[in-house]
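The values are calculated or read from the model by the stated rules, or taken from the named source; none is laboratory data. Small disclaimer: the values here were computed from a predicted structure and weren't measured. No Cβ is skipped: glycine too gets one built from the backbone with ideal geometry, and neighbour counts run over all protein chains shown. All accessible areas refer to the heavy atoms of the entire protein, side chains included, with ligands and DNA or RNA removed. Shrake-Rupley method; radii C 1.70, N 1.55, O 1.52, S 1.80 Å.
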Amino acid sequence: MTSVIVNDASCLIDLKKGRLLHVVLQLPYDFIVPLPIKEEELLDFTPQEWRVLEDGGMVTYDLPGNEVAQVMDLKRQYSRLSANDCFALVTTTCQKDGILLTGDNLLRTVARTHEVRVHGVLWVIDELYKAQACGVDLLVTALETWRDDKTVFLPPKEIEKRLQQLRAS
């Protein structure tokens, strides 16, 4: 059985910045993005970038009414989460073997309280390396890009640790 990765906007944006969108879909997972996130938060993705994602297997997930009701309940329970955070979490809980891919700390915390597997883009780097889905130079470039970008909020020590490991390989 293949795990399903539900992408929130922050990780897709960071993967785009790291120029990893074209390779991430080579990993042995099914990838989905909830429709509201695609339409509202990823407006700066070009049609060509979406085509690359969709051609590579990314599926846009339109939540049915009962799942939208769960989103509203979750939003009432956790008012500090955005509506799109709630869409991502509910979508993940409704997937068999779902994994939430997010960089949002509050969403990660809430996901864990709901016993949802959650990872971020540094995990993606690790998975890409293990799968040999791309060259080490691309992974190093992505990490350096994220390290130097003030709008990317990743732990500097974790970035440096991976840079050292990749440069030594």
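Keeping the other protein chains in place, figure out the carbon and sulfur percent of the accessible area of the chain, with a 1.4 Å probe. Of all accessible area on the chain, carbon and sulfur atoms account for 51 percent. Here the peptides 61-67, 100-106, 8-14, 85-91 are ranked by packing, the mean other Cβ count within 10 Å, and the order with the highest first is 85-91, 8-14, 100-106, 61-67. Over 23 Å apart at the Cα level, from the set 38/96; 17/75; 17/161; 17/150; 75/157, are 17/75; 75/157.
Close amide H contacts of residue 60 (hydrogens built in the peptide plane, cut-off under 5 Å, sequence separation of 5 or more or a different chain): 33. Electrostatic tally near residue 156: other residues with Cβ closer than 14 Å to its Cβ, Lys and Arg +1, Asp and Glu -1, net 0. With protein chains left intact and a 1.4 Å probe, residues in region 1-153 average 50 Å² of accessible area per residue.
Counting only alpha carbon atoms, the long axis of helix 156-168 and the longest principal axis of the chain meet at about 40°.
The phi torsions of region 44-57, fed into the Karplus equation with coefficients 6.51, -1.76 and 1.60 and a -60° offset, translate into couplings of 8, 6, 6, x, 5, 5, 5, 4, 4, 5, 5, 5, x, x Hz, rounded to whole numbers, with Gly and Pro shown as x. When you count the other C-beta atoms within 10 angstrom of each residue and take the mean per peptide, 25-35, 108-118 line up highest first as 25-35, 108-118.
Global size of the chain: 15.7, 50 Å for Rg and Dmax (C-alpha atoms, Rg to one decimal, Dmax whole).
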